[in-house]
1. Of everything in the stretch 149-166, what is among the aliphatic types (A, V, I, L, M) and within 16 Å of the ligand (Cβ to nearest atom)? Give them in sequence order.
2. Against the condition at positive phi and within 20 Å of the chain's Cα centre (by Cα), how does Gly288 come out, does it pass?
3. Out of the residues in the stretch 123-134 that are part of a helix (DSSP H, G or I) and more than 15 Å from the ligand (Cβ to nearest atom), state the one that is surrounded by the most Cβ atoms within 10 Å (Cβ to Cβ).
4. With (1) more than 19 Å from Ser143 (Cβ to Cβ); (2) surrounded by fewer than 18 Cβ atoms within 10 Å (Cβ to Cβ); (3) among the hydroxyl-bearing types (Ser, Thr, Tyr) as the list, and Thr17 as the residue in question, which single condition is left unmet?
5. Would a scan of the stretch 103-111 turn up a residue that is within 15 Å of the chain's Cα centre (by Cα), within 16 Å of the ligand (Cβ to nearest atom), over 17 Å from Tyr280 (Cα atoms) and in contact (Cβ under 8 Å) with a residue 12 or more places away in the chain?
6. Here's a check for you: in the stretch 183-194, which residue that is hydrophobic (A, V, I, L, M, F, W, C) and assigned to a helix (DSSP H, G or I) is nearest to Asn117 (Cα to Cα)?
7. Which residues, taken from the stretch 40-71, are in contact with a Cys (Cβ under 9 Å, 6 or more places away or on another chain), buried (at least 22 other Cβ atoms within 10 Å of the Cβ) and farther than 20 Å from Glu134 by Cβ?
8. Please specify each residue of the stretch 91-130 satisfying the condition of being among the aliphatic types (A, V, I, L, M) and under 25 Å from Leu63 (Cα atoms).
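The values are calculated or read from the model by the stated rules, or taken from the named source; none is laboratory data. On a predicted model such as this, the values are computed, not experimentally measured, just so you know. All Cβ positions, even for glycine, are placed from backbone atoms using ideal geometry, and neighbour counts span all protein chains on display.
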Amino acid sequence: MGILSFADIVSPTSQITSGVLMTFLTEARAFFHSQPVLMEISGEVSVLGDTHGQFQDTKTAILKTGAMASFDSPEAIKPIVFLGDYVDRGPDSLRTFLGPLALAMHNPGKVVALAGNHERPIYPYSNKACLVSEVAKLFGPHSQDLLQMFRDVANELPACAVVNKSTFCVHGGPPLQWGLDDLARATKTTMTDDSNKEAVSMLWSDPATPMQEEILAANNVSAAFNSPRGAGILFGKAFLADFLQANGLSHMLRGHQCISLDGPVDHWGLATTVFTAADYGGSGSMGGVAIEREEGRRFETWRAGDRL
Ligand SMILES: [Mn+2]
């Protein structure tokens with residue numbers, strides 16, 4: 001078998017042995033090591049938010065946007081950006097993570113798999129479903145080596161992408177002070193350093209709610225520590241507008257939060273939160289995916305019962 005493809009991972013009969021997986025992850029580490037922190041991508045681009053172990057929503061999003069017509073071929077028809085948080089909470093973290101990795105490796109420059117905060121680092125997720133427990137259950141004595149390799153791969157994933165020279169894609173939010181020039185120069189080592197507040201902001205930040213924005217305004221600041229999460233910032237409209245304008249960008253697509261039952265959420269017309277896992281945590285929420293086009297942005301949404 002060659003390098004695992006999306007078709008191998010989709011196939012219900014596929015037998016992914018620990019040896020095949022280790023070979024794949026070793027290839028993945030080298031592949032992603034060669035990619036920059038900041039990716040650039042153009043065309044009609046599907047942008048998926050958090051999938052959190054819900055592989056069926058990954059497949060649904062890809063089919064709904066027409067990025068792939070079927071999963072028989074490893075090649076994507078149209079470009080795809082994944083915003084990270086593939087693992088934890090859902091029932092199938094392994095395939096939900098491997099799928100985007102395989103797509104990126106088989107479609108270099110066309111499919112981008114960014115890191116989310118759940119990929120950095122990959123850790124046991126208390127008593128809940130997580131990649132660590134899945135790998136331990138499936139691969140027993142080999143699981144520690146495999147999990148270390150998963151962490152090595154995760155640490156090589158790019159942090160952000162610019163689509164069509166105008167839309168900034170990132171898991172959480174903008175960096176604090178860095179611009180695209182800084183990101184273009186940044187190394188993976190810098191981006192995985194937990195003391196680097198720029199990188200932490202990109203993984204953990206959230207847009208301020210209207211009530212939080214009133215507090216920011218009352219304190220005469222445009223952003224504040226994201227105390228509900230204990231990491232990153234809560235950014236207001238002005239903070240985001242400054243980042244976009246300083247970098248010649250018009251919009252930001254981010255995931256990280258399932259904040260609506262009805263799909264993607266707009267923030268001030270400047271950013272959109274996209275969350276792809278439907279019925280997240282049993283909430284009944286809609287899964288969603290953004291489609292970035294030169295002529296404008298559109299969305300596809302679905303209920304859990306309408307997954308493809
Ligand atoms: Mn997240």
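1. Ala154, Leu157, Ala159
2. When the stated conditions are applied, Gly288 does not pass them.
3. Looking at residues that are part of a helix (DSSP H, G or I) and more than 15 Å from the ligand (Cβ to nearest atom), I get Glu134.
4. Checking Thr17 against (1) more than 19 Å from Ser143 (Cβ to Cβ); (2) surrounded by fewer than 18 Cβ atoms within 10 Å (Cβ to Cβ); (3) among the hydroxyl-bearing types (Ser, Thr, Tyr), the one that fails is (1).
5. No, the stretch 103-111 has no match at all.
6. Result: Met191.
7. Val45, Val47, Gly49
8. Leu94, Leu98, Leu101, Ala102, Leu103, Ala104, Met105, Val111, Val112, Ala113, Leu114, Ala115
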